[in-house]
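Here is the structure we will look at, set down as structure tokens.
The values are calculated or read from the model by the stated rules, or taken from the named source; none is laboratory data. This is a predicted model, so every value here is computed, not measured. Positions of Cβ are generated from backbone atoms using ideal geometry, with glycine treated the same way; all protein chains shown enter the neighbour counts. Accessible surface areas use protein heavy atoms only, side chains included; no ligands, DNA or RNA. Shrake-Rupley method; radii C 1.70, N 1.55, O 1.52, S 1.80 Å.
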Amino acid sequence: MNVDDFDFELPESLIAQTPLADRTASRLLSLSAGTGVIGHHRFVDLLTMLVPGDTIILNDTRVMPARLLGIKADTGAKAELLLLKQLAGDRWETLAKPGKRLKVGAELIFGEDSQGQPLLKATIIGE
């Protein structure tokens, strides 16, 4: 699987920052598996859309807001890490961008203090 297939621009203005006061007003996008027709609904319409034999899968995951924007120490090229899961101590599982250019051993710098010293450094230790 190529994770770049899931990379797309989404303007922050289109991302809900807080839940709606009236949760029943939440929007619902549907896709008919048989016809490919896309429908726009409200969440309260869900029960009328279900038929016997349908399966509902709930996703109760939470997004950790940990996107780090930095540069490669050797070239100054832009780099990005999205922290997914803390493995142990200061080791993290991440998604890296640009993934193909961040090889094992690459050092990344995130911010600098007033003397030009890195505020945070990371080293790619595996794929």
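Mean sequence separation of contacting Cα pairs (under 8 Å, at least six apart), scaled by the length of the chain, corresponds to a relative contact order of 13 percent. Straight-line cross-link reach from residue 85 at under 21 Å between alpha-carbon atoms covers these lysines, not counting any fewer than eight positions away in the same chain: 97, 100, 103, 121. Residues of the range 75-96 with an amide N closer than 14 Å to a point placed 7 Å from the Cα of residue 9 along the Cα-to-Cβ direction: none. Spin-label model, residue 127 to residue 101: label points 7 Å out along the Cα-to-beta-carbon direction sit 1.8 nm apart.
Note that the chain presents 87 Å² accessible area per residue, ligands and nucleic acids not counted, probe 1.4 Å.
For the chain, the fraction of C-alpha pairs more than 17 angstrom apart is 73%.
Over the range 58-120, Cα pairs under 8 Å with separation of 6+ residues give a relative contact order of 27 percent.
With all protein chains present, how much of the accessible area of the chain (probe radius 1.4 Å) comes from carbon and sulfur, to the nearest whole percent? Show your work: numbers first, answer last.
Numbers: 6310 of 11110 Å².
The value for the chain is 57 percent carbon and sulfur by accessible area.
Backbone geometry of the range 71-86 corresponds, through the Karplus equation with coefficients 6.51, -1.76 and 1.60 at θ = phi - 60°, to 3J(HN,Hα) couplings of 9, 6, 4, 7, 10, x, 5, 5, 9, 9, 10, 10, 6, 9, 7, 6 Hz, x marking Gly and Pro. The figure for residue 69 is an accessible area of roughly 110 square angstrom, using a 1.4 Å probe on the protein chains alone. Between the range 57-96 and the range 1-40, what is the separation of their alpha carbon centroids in Å? Each part's Cα centre sits 23 Å from the other's.
3J(HN,Hα) along the range 40-56, derived from phi through the Karplus expression 6.51 cos²θ - 1.76 cosθ + 1.60 where θ = phi - 60°, amounts to 10, 9, 10, 4, 5, 7, 4, 4, 6, 8, 7, 10, x, x, 5, 10, 10 Hz, with x in place of Gly and Pro.
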